[in-house]
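Structure first, then comments.
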2 protein chains.
Amino acid sequence: MSLRSNMDDRKKRILQAVTDDYINTAEPVGSRTIARRYDLGISPATIRNEMADLEESGYLEQPHVSAGRIPSQKGYRFYVDFIMQTSNVSQKEKLRIRRRLEERKRELDLIAEETARILAQLSSYAAFVMSPVSKAAVLKRLELVQIDPHLVLVILIVDPGFVKTHLVVTERQLRPEQLIHINSYLNSRLRDIPLSKIGTSLLREISAELDEYSNFLDATLEAIVQVLERGHEEAVFTDGQLNILEQPEFREVESAKRVLDLLGEDNTVSSLLLDTMNSGNIRIVIGRESSHPNMDICSVVSAPYEVDGVPIGAVGVLGPTRMHYAEVVAIVELVAGHLGEILSKMVIM
Amino acid sequence: MSLRSNMDDRKKRILQAVTDDYINTAEPVGSRTIARRYDLGISPATIRNEMADLEESGYLEQPHVSAGRIPSQKGYRFYVDFIMQTSNVSQKEKLRIRRRLEERKRELDLIAEETARILAQLSSYAAFVMSPVSKAAVLKRLELVQIDPHLVLVILIVDPGFVKTHLVVTERQLRPEQLIHINSYLNSRLRDIPLSKIGTSLLREISAELDEYSNFLDATLEAIVQVLERGHEEAVFTDGQLNILEQPEFREVESAKRVLDLLGEDNTVSSLLLDTMNSGNIRIVIGRESSHPNMDICSVVSAPYEVDGVPIGAVGVLGPTRMHYAEVVAIVELVAGHLGEILSKMVIM
DNA sequence: GTTAGCACTCAGATGCATTGAGTGCTAAAC
DNA sequence: GTTTAGCACTCAATGCATCTGAGTGCTAAC
């Protein structure tokens, strides 16, 4: 008998090799594979013997006798506790993640997103909603409200559009009369300016003019840019991709892939919705009627939504050509109608 | 030759029967099926003849010679244009939809939701995030800001917590001094009250005390309830279910179903995350180590996130037992860390 | 014009042989 | 004692042939 412990170094390396390989390939790992892929300096036969030991002590198992080995639950546990070392994420990656977490979505997008979710649930197919396009929107007014000695709430009133708010932390404490001064100055410079014209250059100009407050202003103005910048590009929100997979025609992985890829391509869906918006009517596209090759097994029902009689966006449902058209048409029309109404109510008179 | 048009009434009814049946069953429809299920008063043989005609004129097609018929694209088009009548949605249903569209999510939930999305993307598995639990939160201050003669912005400052804003449309126009009066009165009644105590009954009381403004108050107070009411129940947000399906172990529809159902059950996931939160440490649960039967083919990596050193929630990733543990552990830790930091910054000092 | 009867077709299920990846065991080599 | 080559053995996966049954089209009777 050897004095080796139950789990010597070589066994560890083999367990690691099996686990790593299986994690990557999802195929049972044989002794030859390990001998080839991992430079352990031992022959397949030796590895076989070790693997047999590892199986006996419960770290590996065999799906069937002539397959390779896979880690057992105990094997994974050992791997996690004693073998693996957590990979470290690059600094750049960390920053990117941080930034994404800090990003806030604009109100309009939230509504579009929620609408997509509702539509998907109601229809049991995939749904998408294009958020409103508002080309001619102007900044109607801007209001600064002191929440706290170091905290100011920026309120932006956009017409035709919405009220947006944003919190800004101030380094230096501002007195109320200072805030009022800044507030009225900003209004005099920004009132009735189209959002598309409010870029970094204009704001930098303003910051220079009011340079005594530049410290506070920079943060505020940056917030304004952030809120407004994305205000005039349309975005499409999708939901219910999972519903698609419930449909028997998409049982086969390939056909499901084709459809999901389709939904992934932004411009396909968004150009379809733009068409619908411009047409001003509910539209049903069946299979190859669409120009898109991958759409031959799908149908789409889409409808525009309007504010003050003007179409400003569109919603749609995608399902198999074998779709519950009657039901879906009713739902799409209903949701488009409601969405238009809700948006009209949010518009400042 | 008959004088009948290309598409007489009986053909229409048969096309309708085939389409309806196929929409519901996803199986090619045979003549016997139609004779049995739809009361057309004709025998299968007659239906066969009609179906042969419909196929010749392109409305139906056969996947293969000994299968039933299915509608062609042209068939669906005819069905949509001339046969189907859009079903109407019940009044009750309409209201329900309307209400869901009008609901707004609270800021905290949005952050949790976005975090889940990021985590799912980074890990390529399914991700979930429990939104922060804040049992002892109190209403620190309440601010009313006139945006417009008929529009008031309600600002709620919660400690420890967040700033929430809500727009209220006022029927009657309020003078600035009236608003200030209401504002200070509301503050005197609500300041430092735990959110859990601010219920409809307290607010109704206040409304009665200030009954000259009750019209405006009712809307405002309702908004407050809406914003705060759900403030102290934890919610779990999930994302990346689709990623799960990409894993080869979940190719089989049944096993995928099991996992997706698991993710659907709120309390399974949330109790797991609560455990993690209370443990205060990153946790790896492998296969049957969990008590849940359907989890035997999955692993979960979860970590708490903290504000001021106190765990207030948790995030997690679910994948097959064959999971990239090293990578996922790093990602989960990173995201939990960032989330805690971001939330601390949102807290009012 | 409608229907019953019947021969015919073909996808899908079932059963059986073949193949090959991978094992465990034995005995030789180190 | 440990490692390795050789070999018989196992069994999932694959390919192939057969069987079954749903559904058709055609013909002839009603």
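The values are calculated or read from the model by the stated rules, or taken from the named source; none is laboratory data. In this text, all values refer to a predicted model and were calculated from it rather than measured experimentally. All Cβ positions, glycine included, derive from the backbone under ideal geometry; neighbour counts span all protein chains shown. Note: areas computed on protein heavy atoms with side chains; ligands, DNA, RNA excluded. Shrake-Rupley method; radii C 1.70, N 1.55, O 1.52, S 1.80 Å.
Calculate, in nm to one decimal, what residue B:178 and residue B:6 gain on full extension: separation in residues at 0.36 nm each, minus their alpha carbon distance.
Difference between extended and current length: 54.5 nm.
According to a simple spin-label model (label point 7 Å from Cα along Cα-to-Cβ), what is the distance in nm between residue A:278 and residue B:210?
Result: 5.1 nm between the two label points.
About the Cα centre of the protein assembly as shown, what is the dipole size in debye to 20, counting +1 per Lys and Arg Cβ and -1 per Asp and Glu Cβ, all else neutral?
680 debye
Averaged across orientations, what area in nm² does the convex hull of the alpha carbons in the stretch B:11-55 project?
Average of the hull's projected areas for the stretch B:11-55 equals 2.7 nm².
Taking a quarter of the surface of the convex hull around the Cα atoms of the stretch A:27-106, what do you get in nm²?
Orientation-averaged projected area of the Cα hull: 8.9 nm².
Counting every Cα pair in the stretch A:190-341, what percent are over 27 Å apart?
Distances greater than 27 Å cover 42 percent of the Cα pairs.
Hey, any idea what Rg/Rh is for the stretch B:253-349, computing Rh the Kirkwood way over Cα pairs?
1.02
So for chain B, Kirkwood radius off the Cα pairs, Stokes-Einstein at 25 °C and 0.890 mPa s: how many µm² s⁻¹?
Using the Kirkwood radius from Cα pairs, D works out to 97 µm²/s.
Give, in nm to one decimal, the length gained when the segment between residue B:24 and residue B:225 is fully stretched (0.36 nm per residue of separation minus the Cα-Cα distance).
Working it through step by step, the gained length comes to 68.0 nm.
What do you get for Rg/Rh over the stretch B:1-137 if you use C-alpha atoms and the Kirkwood form of Rh?
For the stretch B:1-137, the value is 1.29.
Helix B:176-190 against the longest principal axis of chain B: what's the angle in degrees, Cα atoms only, rounded to the nearest 10?
With both axes taken from Cα atoms, the answer is about 80 degrees.
Translational diffusion coefficient, Stokes-Einstein: compute it for the stretch B:83-126 using the Kirkwood radius over C-alpha pairs as Rh, at 10 °C and 1.306 mPa s, and state it as an integer in µm² s⁻¹.
The Stokes-Einstein estimate is 116 µm²/s.
Enter the accessible area per residue of the protein assembly as shown (Å², integer; probe 1.4 Å; all protein chains in place).
Roughly 47 Å² per residue, with all protein chains present.
Please find the FRET efficiency linking residue B:342 to residue B:218, where r is the Cβ-Cβ separation and R0 is fixed at 45 Å, and quote it to the nearest 0.05.
Efficiency for this residue pair is about 0.80.
With Cβ to Cβ distances under 15 Å as the rule, what net charge do the other residues near residue B:95 carry (K, R +1; D, E -1)?
+2
In a shell of Cβ-Cβ distance under 14 Å around residue B:84, excluding residue B:84 itself, what net charge do Lys and Arg (+1) and Asp and Glu (-1) give?
Charge balance in the 14 Å sphere: -1.
Dipole of the stretch A:9-83, Cα-centred, from +1 at each Lys and Arg C-beta and -1 at each Asp and Glu C-beta, to the nearest 20 debye?
140 debye
Modelled label-to-label distance, residue B:310 and residue B:251, 7 Å Cα→beta-carbon offset: nm?
5.0 nm
When you take every Cα atom in the stretch A:254-304, what is the radius of gyration, and what is Dmax, the widest Cα pair distance, in Å?
Rg and Dmax of the stretch A:254-304, Cα atoms, are 10.9, 35 Å.
Quick one: 3J(HN,Hα) in Hz for the stretch A:288-302, Karplus 6.51/-1.76/1.60 with θ = phi - 60°, rounded, Gly and Pro as x.
The phi angles translate into 6, 4, 6, 7, 6, x, 6, 8, 5, 9, 10, 10, 10, 10, 9 Hz.
Leaving ligands, DNA and RNA out of it, work out the accessible area of residue A:39 with a 1.4 Å probe and give it in Å² to the nearest 10.
150 Å²
Find the all-direction average of the projected area of the Cα convex hull for the protein assembly as shown, expressing the result in square nanometres with one decimal place.
Computed as one quarter of the Cα hull surface, the answer is 40.5 nm².
Please list A:33, A:200, B:115 in order of solvent-accessible area, largest first, computed with a 1.4 Å probe with all protein chains present.
Reading off the accessible areas and sorting them downward yields A:200, A:33, B:115.
Using only helices, what value at 222 nm comes out for the protein assembly as shown when you add -39,500 (n - 2.57) per DSSP H run of length 4 or more and divide by the total residues, to the nearest 500 deg cm²/dmol?
Theoretical 222 nm ellipticity from helices: -15000 deg cm²/dmol.
Using alpha carbon centroids, what distance separates the stretch A:29-71 and the stretch B:21-70, in Å?
57 Å
Across chain B, how many lysine pairs, 8 or more apart or on two chains, come within less than 22 Å at their alpha-carbon atoms?
16
Roughly how big is the A-B contact, given as buried accessible area in Å² (both sides, 1.4 Å probe, nearest 100)?
Chain pair A/B: roughly 7100 Å² of buried accessible area.
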